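Below is one structure, written out as structure tokens; comments come after it.
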Amino acid sequence: MGHIQYAVDDGIATITIDRAEKKNAMTYAMLGEFIETVGHAAGDTAARVIVLTGRPGAFCAGTDLADLATIPGAERGLRGTAEEQHKWWPLLQCPQPIICAIDGPAVGMGAEFTSQCDIRLGTPNARFAWNFVHRGLVPDTGAGTWLLPRLIGLQNALRLLYTGDFISADQALALGYLAEIVPSPDLLDRAYTLAAAIAAGSPHSQRLIKSLVYEGLTSSVEAHMQRHTDAMSACFKSDDHREGVASFLERRPATFTGR
């Protein structure tokens, strides 16, 4: 369909939701294309960092309800089983750091996608709503009920989920949901600057850090420290660690391979 664009340049992959005439609302076919594209990015060794965005002025207005209504709810299947997390949380399943660049409404499924990203940058045009209660639904991917309370706190998350209210970019920044607000013309430049700074680090370390952080959200200290010590041991044996030490001693930029 061509509504999900993918490109890689200098270690930075860009995934663009491109259906501007519908504010990037997702049809079922588009969602399949999106999940497939994110899965491809996850396995792309050329992609050290991923930037997710939409065409300027839009991010994702959620599910295209006209498309959804073609299948009666009682006959509609789920996109996958509970065990198929890559179909529900494709972005969270990516081992690479993901930056979300938001220049417009992120509603419903679109808001859920932003929650699955590691760092969120927005413009003054950015708005967010988990409006599932107005459609008789729970948050589409499960991110709203699991990730959102961890990102902005239980009370703030429940208020947004119960009411389905929109919040502005300024409100999202105050809640800590957005990391920065930048002018619309500067959004992608800022995202790529941040992505380049991340890409300069060890991909091996970053994959382990992402896994440790997200798995640590629900693990005991004992289980976390077991994963941590395993990760440290793996780091000591890695090419990236050897390169990081050598580059420091030789006073030169590191050239990491992710191994």
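The values are calculated or read from the model by the stated rules, or taken from the named source; none is laboratory data. None of the values given here were measured: they were computed from a predicted structure. With ideal geometry, Cβ positions are generated from the backbone for all residues, glycine too; neighbour counts draw on all protein chains shown.
Among the residues of the stretch 139-146, is there at least one that is β-branched (Val, Ile, Thr), surrounded by 19 or more Cβ atoms within 10 Å (Cβ to Cβ) and in a loop (DSSP other than H, G, I, E, B)?
Within the stretch 139-146, one or more residues are β-branched (Val, Ile, Thr), surrounded by 19 or more Cβ atoms within 10 Å (Cβ to Cβ) and in a loop (DSSP other than H, G, I, E, B).
Looking at the stretch 200-259, which of the residues that are under 30 Å from Leu148 (Cα atoms) and not in a helix (DSSP H, G or I) is farthest from the chain's Cα centre (by Cα)?
It comes out as Ser220.
Within the stretch 1-32, count every residue that is farther than 15 Å from Met109 by Cα, of a type outside the set (Gly, Ala, Ser) and part of a helix (DSSP H, G or I).
Selection size over the stretch 1-32: 1.
For Thr114, are the conditions met, namely being polar (S, T, N, Q) and over 13 Å from the mean Cα position of the chain (by Cα)?
Spelling it out, it is not the case that Thr114 is polar (S, T, N, Q) and over 13 Å from the mean Cα position of the chain (by Cα).
State all residues of the stretch 38-57 that are within 15 Å of Phe113 (Cα to Cα) and surrounded by 19 or more Cβ atoms within 10 Å (Cβ to Cβ); if no residue qualifies, say none.
Val38, Ile50, Val51, Leu52, Thr53, Gly54
Test Thr81 against the stated conditions and say whether it is in a helix (DSSP H, G or I) and hydroxyl-bearing (Ser, Thr, Tyr).
Judged against the criteria, Thr81 is not a match.
Results for (1) over 24 Å from Leu187 (Cβ atoms); (2) hydroxyl-bearing (Ser, Thr, Tyr); (3) modelled with pLDDT of 95 or more, shown as yes or no for each residue.
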{"residue": "Ala111", "(1), (2), (3)": "no, no, yes"}
{"residue": "Thr114", "(1), (2), (3)": "no, yes, yes"}
{"residue": "Ile119", "(1), (2), (3)": "no, no, yes"}
{"residue": "Gly122", "(1), (2), (3)": "no, no, yes"}
{"residue": "Ala126", "(1), (2), (3)": "no, no, yes"}
{"residue": "Val133", "(1), (2), (3)": "yes, no, no"}
{"residue": "Pro139", "(1), (2), (3)": "yes, no, no"}
{"residue": "Thr145", "(1), (2), (3)": "yes, yes, yes"}
{"residue": "Pro149", "(1), (2), (3)": "yes, no, yes"}
